[in-house]
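Before any comments, here is the structure.
The values are calculated or read from the model by the stated rules, or taken from the named source; none is laboratory data. The structure presented is a predicted model; accordingly, all values stated were derived computationally and were not measured. All Cβ positions, even for glycine, are placed from backbone atoms using ideal geometry, and neighbour counts span all protein chains on display.
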Amino acid sequence: MAGIDSLLQVMYGFYDGLFQPLLAEGPYVSLGAFSAVLALIFSVIYWWLLDVERQQELKDKVQEKQEERKELQEEGRDDEVKEVMGDMMELNQSMMMLNIKPMLATFVFVGLFFPWLGATYAPAAELSETGNQSYSGNLTYAGETVPVTVTNSSDVVVEVGGSSAQPGGFVSALGVDWQVAKFSESGGGGFLFFGGGGDGPRVKFNAEFVPLPVSLPFVGSVLNWLGFYILITMPLSIVFRKMLGVA
């Protein structure tokens, strides 16, 4: 685990330096750009690695089998319906196999890039104990750092750059509105992608992108970086794939 965290630290440092000018434009611009580029890359991967003609051929055969099944069901020929459904399952399995190669290629980009996106837009500030139930650390974004202090007496209060909030509340720092997601006196280890990297105290932040009218299970009251990424990439992926002729 320590080896993986060390590798991630090197990768994060490279990405931080490479994309610092874009990150400095703010989370909406930077994550919007990353989302658009990744949607284009994933679409090109599918266009390049997917046998589009074979896929269309299989789709046409599935449609023919569906029409044949419907006719057989209307005529009450149940034995033949089962045979046709078996043929349809084989055709669908063949279509799934066609998608494996481009799917594996996209996983490579996910593994190389998504951990850094998570660490950038949902960072964990590692803390050091400065007194009785008091902690200090730093929050870093776009190459800039702001001090973080935590007091954990009757209630947990997190102060960042002059603004303070309890867990679940919001603070503004480094040009970003952050939700104070969680404070933990024991980090519990784990990979950096999951806010790990050590066993000490830490505060987990989430960059706020889209406030929601109601609080949703597993989402909360705001759309975080992953939700914003999905919101951008889904329509763009449809557009890019149509342009490239990839269904």
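Output the number of the condition that Gln9 fails; it satisfies all remaining conditions of (1) more than 23 Å from Ala207 (Cβ to Cβ); (2) at pLDDT below 90.
It is condition (1) that Gln9 fails.
A quick yes/no check of all residues on (1) under 26 Å from Leu18 (Cβ atoms); (2) over 25 Å from the mean Cα position of the chain (by Cα):
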position	(1), (2)
Ser136	no, yes
Thr140	yes, no
Val148	yes, yes
Thr151	no, yes
Ser154	no, yes
Ser164	no, yes
Pro167	no, no
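Between residues in region 94-107 that are assigned by TED's automatic domain parsing to the domain that holds Val44 and surrounded by 15 or more Cβ atoms within 10 Å (Cβ to Cβ) and residues that are aromatic (Phe, Trp, Tyr) and in a helix (DSSP H, G or I), which pairs lie under 6 Å by C-beta distance while being six or more apart or on different chains?
Pro102/Tyr46; Thr106/Phe42
Please go through (1) surrounded by fewer than 13 Cβ atoms within 10 Å (Cβ to Cβ); (2) in contact (Cβ under 8 Å) with a residue 12 or more places away in the chain; (3) hydrophobic (A, V, I, L, M, F, W, C) for Val29 and return the number of the only condition it doesn't satisfy.
(2)
Sort through Glu90, Glu74, Glu129, Glu80 and tell me the only one that's more than 27 Å from the chain's Cα centre (by Cα), farther than 30 Å from Pro211 by Cα, assigned to a strand (DSSP E or B) and acidic (Asp, Glu).
Glu129
Taking the condition of being under 21 Å from Met234 (Cβ atoms) and outside any helix (DSSP H, G or I), how many residues in region 20-54 meet it?
Count: 1.
Quick one: in region 207-247, of everything that is part of a strand (DSSP E or B) and either surrounded by 14 or more Cβ atoms within 10 Å (Cβ to Cβ) or in contact with a Leu (Cβ under 7 Å, 6 or more places away or on another chain) (or both), which residue is modelled with the lowest pLDDT?
Looking at the filtered set, the residue picked out is Gly220.
Within region 71-85, identify whether any single residue is exposed (fewer than 15 other Cβ atoms within 10 Å of the Cβ), under 24 Å from Val44 (Cα atoms), without any contact (Cβ under 8 Å) to a residue 12 or more places away in the chain and of a type outside the set (D, E, K, R), and answer yes or no.
For region 71-85, residues exposed (fewer than 15 other Cβ atoms within 10 Å of the Cβ), under 24 Å from Val44 (Cα atoms), without any contact (Cβ under 8 Å) to a residue 12 or more places away in the chain and of a type outside the set (D, E, K, R): absent.
Among Thr120, Thr151, Thr140, which is the only one that is outside any helix (DSSP H, G or I), at negative phi and in contact with a helix residue (DSSP H, G or I) (Cβ under 9 Å, 6 or more places away or on another chain)?
On the way: Thr120 fails: outside any helix (DSSP H, G or I); Thr151 fails: in contact with a helix residue (DSSP H, G or I) (Cβ under 9 Å, 6 or more places away or on another chain).
Of the residues listed, the single one that is outside any helix (DSSP H, G or I), at negative phi and in contact with a helix residue (DSSP H, G or I) (Cβ under 9 Å, 6 or more places away or on another chain) is Thr140.
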